[in-house]
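Report on the following structure.
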């Protein structure tokens, strides 16, 4: 559970770094309030995403990012701006996917058996839902919120049969969240269960590269529905396979990090973590 505890500390730090202007940062005082030394806080951040707290704050600060994201430039460009210089090949999750037959969605999962379980991950606790076809759901939650996360996932397919199996989801989670396990020869297999429109949006999300960002309007154009940005936003918010299907890489037209089903601080955390992955690969 140490990974989960690290994230709880990092999450609190992200809130502080995101809500406090760069000129007003007092990292020694914040570290002390967290019962850490400044060095311990810095070491934790370096271990967690490869960046110092100050660099992390700069890499994902909204005002700083807007200039780059308006042109859909990479979040990595922001890390270059704060003095990082990695030019090595970028990594990303390798994913193979298929859409579940529409009848399964229409019947709200009737006839499906879904195994689910929870594991600690770099972004708190993760809840995974598996079918015989592949990974069908990935949610995040904090301490005390497991039942709400399960209700969210199971409520999408209320007629399915659910079996708890933490042992079954653990290796899938390890493949997803451990960068060294990202392998094109062993792709994550996911299944997308939704309306035809939702599945089209989710498939398009899979084309956004690691450490890149796009907008809801751009997604609408990509699926041939240029006036449907609002509907696209709703479909993005309904994405059941978070992180793997990267809805966190969608921003507002100004570059602002708009609403995220699992919380804005977690969205900032994921983007910062991805920037750190790029910085050290």
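The values are calculated or read from the model by the stated rules, or taken from the named source; none is laboratory data. Note that this is a predicted model, so its numbers are computed, not measured. When we count neighbours, we look across all protein chains shown, and the Cβ atoms used for this are built from the backbone with ideal geometry, even at glycine.
Odds and ends about this structure:
- The stretch 98-132, residues that are part of a loop (DSSP other than H, G, I, E, B), surrounded by 19 or more Cβ atoms within 10 Å (Cβ to Cβ) and in contact with a strand residue (DSSP E or B) (Cβ under 8 Å, 6 or more places away or on another chain): 100, 112, 123
- Filtered residue count, the stretch 192-210, keeping only those that are in contact (Cβ under 8 Å) with a residue 40 or more places away in the chain and touching a helix residue (DSSP H, G or I) at 6+ places or on another chain (Cβ under 8 Å): 10
- Residue check, residue 149 buried (at least 18 other Cβ atoms within 10 Å of the Cβ), at pLDDT 90 or above and part of a helix (DSSP H, G or I): yes
- Test: residue in the stretch 74-86 that is farther than 30 Å from residue 147 by Cα, at pLDDT below 80, in contact with a strand residue (DSSP E or B) (Cβ under 6 Å, 6 or more places away or on another chain) and crowded, with 19+ Cβ neighbours inside 10 Å: no
- Residues of the stretch 174-215 satisfying the condition of being within 14 Å of the chain's Cα centre (by Cα) and farther than 21 Å from residue 127 by Cα: 208, 209, 210, 211, 212, 213
- Among the residues listed as 268, 230, the single one being out of contact with any strand residue (DSSP E or B) (no Cβ under 6 Å at 6 or more places or on another chain), under 26 Å from residue 46 (Cα atoms), part of a helix (DSSP H, G or I) and modelled with pLDDT of 75 or more: 268
- Checked against (1) surrounded by fewer than 16 Cβ atoms within 10 Å (Cβ to Cβ); (2) farther than 18 Å from residue 96 by Cα; (3) modelled with pLDDT of 90 or more; (4) out of contact with any helix residue (DSSP H, G or I) (no Cβ under 9 Å at 6 or more places or on another chain), residue 144 meets all criteria but (3).
- Near pairs, Cβ below 6 angstrom, 6+ apart or cross-chain, from the stretch 211-240 (in contact (Cβ under 8 Å) with a residue 24 or more places away in the chain) to any residue that is crowded, with 19+ Cβ neighbours inside 10 Å and in a loop (DSSP other than H, G, I, E, B): 211/74; 212/74; 214/208; 239/245
- Tabulated pairs, the stretch 87-106, first more than 18 Å from residue 176 (Cα to Cα), second at pLDDT 75 or above and part of a strand (DSSP E or B), C-beta under 6 angstrom, 6+ apart or interchain: 99/192; 100/191
- Any hit, the stretch 238-250, residues being surrounded by fewer than 16 Cβ atoms within 10 Å (Cβ to Cβ) and in a loop (DSSP other than H, G, I, E, B): yes
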